[in-house]
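*Asks:* Just dropping this structure here.
The values are calculated or read from the model by the stated rules, or taken from the named source; none is laboratory data. Being a predicted model, the structure only gives us computed values, none of them experimental. Note: ideal-geometry Cβ built from the backbone for every residue, glycine included; neighbour counts use all protein chains shown. Ligands, DNA and RNA are stripped out before the accessible areas are found, and what is left, the full protein with its side chains, is counted by its heavy atoms. Shrake-Rupley method; radii C 1.70, N 1.55, O 1.52, S 1.80 Å.
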Amino acid sequence: MNIFRLLGDLSHLLAIIILLLKIWKTRSCAGISGKSQILFAVVYTARYLDLLTNYISAYNTFMKMVFIMASYATVYLMYVKFKATYDHNHDTFRIEFLLIPSLILAVLINHELTVMEVLWTFSIYLESVAILPQLFLVSKTGEAESITSHYLFALGSYRALYLLNWVYRYVVEDHYELIAIVSGVVQTVLYCDFFYLYITKVLKGKKLQLPA
């Protein structure tokens, strides 16, 4: 554990809290991509199956359980409780184009050809692109509410901080994880336009708009 990983975890947790509060308080999931939330649920399920086999620390176990439960709670709120507010018409990204290539890549490029290792690698690859349906939805509708923008910024910050975590670990511990680093770079790059617009518009009180 180092400060960058801790801040990354807290940023990730903040993103989840912002999203759940937004849905619960407004009683609406308008502007949120259910397809991205499904992908995140798949990511955390595949990655944290080691909860059944390995114990690292109370903190590690707690955070993993929070991410898994929160992802399924979000999917439930969107597809069951507040289903009537879900924007099916604009959330049309074909997630199979992300799921299948991520799985194939995980089978071909991994550290060890075992079920748990392939699932972990699959989750890393899939997480790097899981936000695409959300960005596609924002681009398609032309704008995003401030609360949705805050959620996306916190989520993007989590990945950027995890990259700094890997830099720190390489410098201090002489340790790195190439698959996680490359995937983290890809994910962070996907947020670059959003980060710029967030800083120049949302923080000045303007509504965020992405080019179609």
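*Asks:* Counting helices only, and only those DSSP H runs with n ≥ 4, report the 222 nm mean residue ellipticity of the chain as the sum of -39,500 (n - 2.57) divided by its residues, in deg cm²/dmol to the nearest 500.
*Replies:* Values: 8 runs with 146 residues, N = 212.
Here the helix-only value at 222 nm equals -23500 deg cm²/dmol.
*Asks:* Measure nothing fancy, just the Cα-based angle from helix 3-26's long axis to the longest principal axis of the chain, in degrees from 0 to 90, nearest 10.
*Replies:* So the helix axis and the longest Cα principal axis differ by about 30 degrees.
*Asks:* Given N residues in the stretch 70-158, what is Rg(Cα) / (2.2 N^0.38 Å)? Mind showing how you got there, number by number?
*Replies:* Numbers: Rg = 15.5 Å, N = 89, 2.2 N^0.38 = 12.1 Å.
In units of the globular-protein estimate, the stretch 70-158 measures up at 1.28.
*Asks:* Can you list which of the chymotrypsin sites (Phe, Trp or Tyr not before Pro) found in the stretch 40-97 are DSSP loop residues with at most 16 other C-beta atoms within 10 Å? Write down the numbers at each step before the final one.
*Replies:* Values: sites: F40, Y44, Y48, Y55, Y59, F62, F67, Y72, Y76, Y79, F82, Y86, F93, F97; in loops: Y55, F82, Y86, F93.
Here the chymotrypsin sites (Phe, Trp or Tyr not before Pro) that fit, given the DSSP loop and packing criteria, are Y55.
*Asks:* Where does the stretch 11-122 land on Rg(C-alpha)/(2.2 N^0.38 Å)?
*Replies:* 1.19
*Asks:* Right, here's the next one. To the nearest 10 degrees, how steep is helix 178-200 against the longest Cα principal axis of the chain, on a 0 to 90 scale?
*Replies:* For 178-200 against the chain, the angle is about 20 degrees.
*Asks:* Further, regarding this structure: Among all stretches of the chain without exposed GluC sites (Glu not before Pro) (DSSP loop, at most 15 other Cβ atoms within 10 Å), which one is longest?
*Replies:* Numbers: sites that count: E112, E143, E177.
Counting at most 15 other Cβ atoms within 10 Å as exposed, the longest clean stretch of the chain is 1-111.
*Asks:* Please determine, in degrees from 0 to 90 and to the nearest 10, the orientation of helix 115-129 with respect to the longest principal axis defined by the Cα atoms of the chain, where the helix direction is its Cα long axis.
*Replies:* 40 degrees
*Asks:* Compute the distance from the alpha-carbon center of the stretch 118-148 to that of the stretch 1-26, in whole Å.
*Replies:* About 16 Å separates the Cα centre of the stretch 118-148 from the one of the stretch 1-26.
*Asks:* Now, a different point. Within the chain, what whole-number % of the accessible surface is contributed by carbon and sulfur, with the 1.4 Å probe and all protein chains included in the calculation?
*Replies:* Accessible surface attributable to carbon and sulfur in the chain totals 69 percent.
*Asks:* Scan the stretch 16-116 for trypsin sites (Lys or Arg not before Pro) in coil per DSSP, keeping those whose Cβ has at most 12 other Cβ atoms within 10 Å, and list them by number. Spell out each step's value before the answer.
*Replies:* Working: sites: K22, K25, R27, K35, R47, K64, K81, K83, R94; in loops: R27, R94.
Listed in order of number, the matching sites are R27, R94.
*Asks:* Just the accessible area per residue of the stretch 67-153, please: how many Å² with a 1.4 Å probe?
*Replies:* I get 50 Å² per residue for this part.
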